[in-house]
Amino acid sequence: MVFSAEKLRQKAQKRGFNLVGITPAVPSPTLTAYRQWVDAGMHGKMGYMAREDRLIRRENLNHIVDGPKSIVMVGLDYRSIAVPEHILNDPARGRIASYAWNVDYHDVMQPRLEEIASWMQSEIGESVEHKVYVDTGAVLERSHAQQAGLGFIGKNTMLIHPKRGSYFFLGEIISTIEFDEYDEAHKATMCGTCTRCMTACPTDAFPKPHVLDARRCISYHTIENKGWIDRDLRSGFGNWVYGCDICQEVCPFQRFSFPSQEEDFYPADENTTAPYLAELLTLTDESFKAKYRDSPIYRIKRKRLVRNACLAAGNSHDKQFIPYIIQLLYDSEPIVRGHAAWALWQLMRHRAIKQLNEMYYREDDEDVKAEIEALVP
């Protein structure tokens, strides 16, 4: 049975999705570029992106679903309130990427996509194989979305809809269902000569248009990097503690973005968008869980969020954070102690030598000791 594309679009829109597109289940046309990106090591420490079994799935969708016919791509707007710049850029606060201001989007989108997949199967009345992904599968999601007509890949590597900007989440259903029509692929790019995203990046994470070097990306380091953040990049992080919106914020197409209709994506208050660093620096495992258990932030756990907060405190040059940082020199997590040492040096410079020397001689973690050695003359 061939399924009605229009019927599917109406169903997806009723379930709240703002964008819907359908494309044949064929490999992405950007596979070669992706291989080159991985071979260049630009995926950083995200080893799962280079695993051969996952590369095989990207190259052959039959390894995901047996005999796939289509990919249904959906987009869900997440732009919410306009927070005043004096709050977001307050050095006493830690800034959070706007997509993580409230409920985890996986929890919103995944059940709806499963519901749509089950609905299609019941409509067809026969067995249908499918797989639902929301930013989790071994597929080149943005490329498939472009093939489904949802937008073009910008120079910042984001999927941009020319009439909606890029503040929307993507999800997909890969299935054995065949449709009566498929959407046309969007043109390759509409960026023209604009390079605002590339020049605005404070850590120079774009070596050339349409290529992101994750090893220099604030979002990668504050979320995906489980270890030590490169010393040469830290000062460029400003007050970002989870993710980064800079290369999206400056994009001219954002003037067309729509406020989300999903109440779950709206922050409870301004402190949710940019919590005070004093609060983040004093988080315990228990208080972290209580505050972030339903948020995307929960995935990085307490130690990485506090690590990031240490960098933001160091970048603030605000002496009020010195007592909090000194307390973190005794934290149970080596990665927190090491980044706290860096922050203390930024806030006190040579006046921190005595405390850092004392820390060095009681420290039993070699990475933390190496961090201190790199700081103290």
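Every read-out reported here was derived from the displayed coordinates using simple, explicitly stated rules and does not represent laboratory data. All values derive from a computational prediction rather than experimental measurement. With ideal geometry, Cβ positions are generated from the backbone for all residues, glycine too; neighbour counts draw on all protein chains shown.
Data for the structure
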| read-out | value |
| --- | --- |
| Sorted by Cβ density within 10 Å, fewest first, the residues Y324, Y78 | Y324, Y78 |
| Full-extension gain in nm, K163 to Y298, via 0.36 nm per residue minus C-alpha separation | 45.4 nm |
| Relative contact order computed over the stretch 24-86 (Cα-Cα under 8 Å; 6+ residues apart), in percent | 40 percent |
| DSSP beta bridges in the chain [antiparallel fraction, %, rounded to 5] | 85 percent |
| Proximal lysines relative to K45, as straight alpha-carbon distance under 26 Å, when same-chain residues fewer than 8 apart are discounted | K155, K208, K226, K289, K301, K303, K369 |
| Label point distance in nm, T272-I353, each placed 7 Å from Cα along Cα→Cβ | 4.8 nm |
| Residues whose placed amide H lies under 5 Å from that of R93, excluding near-sequence neighbours | L277 |
| Top of I353, I322, I297 by mean-square fluctuation, Gaussian network on the chain, Cα under 10 Å | I353 |
| For the chain, cysteines whose Cβ has no other cysteine Cβ within reach (under 4.7 Å) | C191, C194, C201, C217, C244, C251, C310 |
| Inter-centroid distance (Cα atoms) of the stretch 302-352 relative to the stretch 32-94, Å | 31 Å |
| Space enclosed by the convex hull of the alpha-carbon atoms of the stretch 277-377, per residue, Å³ | 89 Å³ |
| Rounded D (µm²/s) - the stretch 22-71, Kirkwood Rh over Cα pairs, Stokes-Einstein at 10 °C, 1.306 mPa s | 135 µm²/s |
| CD proxy at 222 nm, helix term only [per DSSP H run n ≥ 4: -39500 (n - 2.57); per residue of the chain; nearest 500] | -10500 deg cm²/dmol |
| Fraction of the pair-distance distribution of the chain above 28 Å, Cα-Cα pairs, percent | 50 percent |
